[in-house]
Amino acid sequence: MLTGYLIYGLINSVVLVLVALGFNLTFGISGVANFAFGALYVTAGFLAWIGLNTLSLPYWVSAPLAVLITAVLAGLLYRVVVLRVRGLVVSEVIATFGVGLALLELFRFLGFIGFEYTLPDAGDFGVSVLGVVIDSQRLLIVAMGAALTAFLWLFTRYTTTGRAFRAIAQDEHTALTLGINTERTATIAVAFGAGYAAVAALVILPLGTIAVNEGYNVLVNALAVCIVGGLGSTLGVIVASFLIGMAQTLTAAYLGTHWMMIVSLVAILLILLVRPSGLFGSHKQLEERI
Amino acid sequence: MAAVATNPTAPSPARQRKERLDRGIKVRSEDIYALNSWRELAYLLAPRVLPVILVLLLGFGAPLYWQRVLLSTMVFGLLAISWDLLAQAGMVCLGQALFFGVGAYIAGILNHYFGITPFVTIPLGALGGGLLCTLLLLPVLRLRGIYFAMVTLILPLMIERIIEATKIFGGTEGISGLTPLPGHGLELFLIMAAFWIALFGFRRMMTSDYGLVLKGINDNDRAVMSAGLNIYRYKAQILFLAGSTGAFAGAFMTHAYQFVGMPVFALDYSILPIASAAVGGLGTLAGPALGAFILVPMSELLRGFGGLRIVIYAVLLVVFTVGLPEGVFHFLRRKYTQFERWAEVSK
């Protein structure tokens, strides 16, 4: 039993990593609030579904198209909405959350509710690890999690655009003096984060149905992981995902699902109390407390 | 005294800018304070007295349904005022539902288990709620900005889950059948009185020396510390004041709806005050209150749209925050106290 819980806990953790990476890229690494993140995640799922079922496109056309459209939507969101209130943090959060709310409730209004909204999974085969059978979709999730994390880590370290992401979060004015077009960089960062959300949606959603409420859960989970790990730290996202993912699975197994949420909330509270900028956060002591 | 700003989006022909000048009547009645006519007295009094009278007429003249809407509007208004008070002392709170919920539960428990009358439970709920929340947040008072905000976001969610998991105080069912306040008229009068006292009282407080220290904490806390003031004492006091205001709203709502349950910790009670502040304008106390008066009735009016209601509401919220980032109140105040004209830009 315990090995089963541990292995499924690990997979749950990779799901959290996938979900949090995009949010961390936008909010943590580039310092742009995008609280429409959960809505974009769900939108990608529905776009892929519409491509496959309504327009009957093959999967290899529909999936990349969904990712692309989601990224473009997010870029537009930044250009049309966020840019006008840039710097006013409360307004940024409210405006993007409002857009997300409108998107999600629009899907609900249009009748995107039900069991028929599923995406195809990777096929019917499984691998046995330590006596526990893992199906192909979960294997794909683990593989994608590893690949996307590695790509993000390399991208933010070895490419000009990736380093510009980090630069605008550290000091926007200094970035400007070094010839970085901050508005363009921020647009790309938001679109890039949304693209990550879309890819995560395409590999995670086949495990269940595409539900509107998933949008809210994804946002809360992503936020929790980013706080515990430390905003802007990729390593932090991984460690925090494993802590929260394992804690969630083990409490669900031994204490009951009611306690699942409480454990992760207590974890966040403790982290905030002891180390406000997260396990691997790079903020200075004086910025977080006095 | 000329406040000048350029407006990049205005349809200006070649090289013009918008010039803003204070009205003479503002300078005479506010800055040098030499009132010399009824007109100037009226200029000062109108924006303060007219809303009170208007709300009074609206409250006692409207049909019962809209009286209830007004009631919940003012409850949200109180929450928005308490949010802005905290924000002005440098504490951005994402969990106004904590104050609201704690106040609501204290009043509900006292009434249900001990049979105490609402006239005692509401004040006890307000003061006890304020005290409890202050004690709860005391350990994180040293945290700043977004870190404090995150703690306040998480606490109400956690209490909600604990009530769900341990099934205390009625669990998911909540406690219903509480004693109502005698008469709708009294109910309405009580919440109006509380609303205006909080609004004008806290506005007055912010103009005093005490308020100056609070604003200082918001602007630069280390400078206030180096002036030899204990900022944690100030912060704890404001936490108690704002907490009590929020808890009063919760305790009052409990008796108005005769029910207390997990929904009092819901995200609505945290988000709406912030949205009100964003729409109405931060940092004035009157702005967030005005925002609540725009948002709550608007969400009621949209009920006719059924499922589209939240979509339209969210879109309007975005339009307000993006189109008028300074807030409705700042915009109105500017129009009331200044006049604008196009002026040539000299090289």
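Throughout, read-outs are computed from the coordinates displayed, never taken from laboratory work. None of these values were measured; they are calculated from a predicted model. Cβ atoms come from the backbone with ideal geometry, glycine included; neighbour counts cover every protein chain shown.
Assorted remarks:
- Diffusion coefficient, µm² s⁻¹, Stokes-Einstein with Kirkwood Rh over alpha-carbon pairs of chain B at 10 °C and 1.306 mPa s: 73
- Packing here is the average count of other Cβ atoms within 10 Å per residue, and on that basis the peptides B:21-34, A:16-29, highest first, run A:16-29, B:21-34.
- Peptide A:87-95, shielding by other chains (average Cβ, 10 Å cutoff): 6
- Ordering of B:43-55, A:203-215 by burial proxy (mean other Cβ atoms within 10 Å per residue, highest first): A:203-215, B:43-55
- The mean number of partner chain beta-carbon atoms within 10 angstrom of a residue's beta-carbon across peptide A:252-265 is 3.
- Projecting the alpha carbon convex hull of the stretch B:190-295 along each direction and taking the average yields 7.6 nm².
- Kirkwood hydrodynamic radius of chain A, from inverse mean 1/r over distinct Cα pairs, in Å: 19.5
- Shielding of B:153-161 by partner chains, average beta-carbon count, 10 Å: 5
- Ellipsoid semi-axes for the protein assembly as shown, based on the Cα gyration tensor and the rule √(5λ), read 42, 32, 24 Å when sorted largest first.
- Mean Cβ neighbour count within 10 Å, used as a protection proxy, ranking B:95-103, B:215-223 highest first: B:95-103, B:215-223
- Counting beta carbons within 10 Å around each of A:182, A:54, A:43, B:134 and listing the fewest first gives the order A:54, A:182, B:134, A:43.
- Residue-wise HN-Hα coupling along the stretch A:65-73, computed from phi with Karplus coefficients 6.51, -1.76, 1.60 (Hz; x: Gly, Pro): 4, 4, 4, 4, 4, 4, 5, 5, 4
- Potential extension, residue A:127-residue A:54 segment - 0.36 nm per residue separation minus Cα distance: 22.9 nm
- Working from label points 7 Å from Cα in the Cα-to-Cβ sense, the residue A:135 to residue B:210 distance is 6.3 nm.
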